[in-house]
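Here's the structure, in structure tokens; my notes come after.
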Amino acid sequence: MNRFLDIAAKILSVVLYPLFVPTYGMALFCIAHSQHVAPLPWIWVVIALVGTFLLTCIIPVTTIWILMKKGEVKDLYIDDPRERTMPYIYSALGFGFWAYLLVQILHAPAYLSGVAVGATLAIGLVALINRRWKISAHLTGMGGLVGGILSYCLGIGAVPTWGTWVLWLGLAWLLMAARLRLNAHTGAQVSAGWLLGIACTFIPYLIMSYV
């Protein structure tokens, strides 16, 4: 049983790896917007999905892989906080270009632009915090996704369904349990990461919309 739980925790940590989450979120946005607001032009969808995957996943992961080859980072999860500074800086640059793509090139709705700006801020804050305390990047990513869903619902005037809450809050809880199971973080670190992610992706939309 313990072996099964360890394997399940590792699989969940890979599937919900922080650099995969923006692409999941963009795919959810494209589907939801087309179903509940208006169909998006196919070229917009392609540019948004490919750009998101390239800037928030491929470039940061490639950077981490290069640092691993140079011996500056031990693994993809970067468990040692002392190794996280440079990968986070490169990730923040990628996220910054992603935000620029959405805001200036694709002219995305305010709630989506706010999420991208907030996600970039979250990466920077995680980098700073990790110099002193190992806050969970996994839960920051998951919290960012939940904050993005809240921003979307507020932006179109919708109320999240119970199914939506159960799914995403349940996944967040499972990911917290997985990171604790792998002894990657403490309860305080996963909770703080989740709250940071929500705050960074939800508050910017509120500011952009009402200030």
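Name the residue that is surrounded by the most Cβ atoms within 10 Å (Cβ to Cβ), counting only residues in the range 149-191 that are hydrophobic (A, V, I, L, M, F, W, C) and not in a helix (DSSP H, G or I).
Applying the first criterion (hydrophobic (A, V, I, L, M, F, W, C)) to the range 149-191 yields 149-150, 153-154, 156, 158-159, 162, 165-169, 171-178, 180, 182, 184, 188, 190.
Checking the rest, the ones that are also not in a helix (DSSP H, G or I) come to 158-159, 182, 184.
Details: 158: 13, 159: 8, 182: 16, 184: 18.
Only one residue tops the list, namely 184.
Kindly evaluate residue 171 against the criterion of being out of contact with any Phe, Trp or Tyr (no Cβ under 6 Å at 6 or more places or on another chain) and closer than 21 Å to residue 88 by Cβ.
No; evaluated as a whole, the condition is false for this residue.
Hey, can you tell me all the residues within the range 1-22 that are surrounded by 15 or more Cβ atoms within 10 Å (Cβ to Cβ), of a type outside the set (Gly, Ala, Ser) and over 18 Å from residue 114 (Cβ atoms)?
12, 16, 17, 18, 19, 20
Quick check on the range 192-211: of everything there that is surrounded by 23 or more Cβ atoms within 10 Å (Cβ to Cβ) and not hydrophobic (A, V, I, L, M, F, W, C), which residue is farthest from residue 129 (Cα to Cα)?
The qualifying residue farthest from residue 129 (Cα to Cα) is 205.
What pairs come out if I take residues in the range 182-211 that are under 17 Å from residue 142 (Cβ atoms) and pair them with residues that are among the hydroxyl-bearing types (Ser, Thr, Tyr) whose C-beta lies under 6 Å away, six or more apart or interchain?
185/136; 189/136; 190/136; 193/136; 193/140; 196/140; 197/140; 202/151
None of the figures in this text is laboratory data; all of them are computed from the coordinates on show. Quick caveat: nothing in here was measured; it's all calculated off a predicted structure. Note that we place each Cβ from the backbone using ideal geometry, even for glycine, and neighbour counts take in every protein chain shown.
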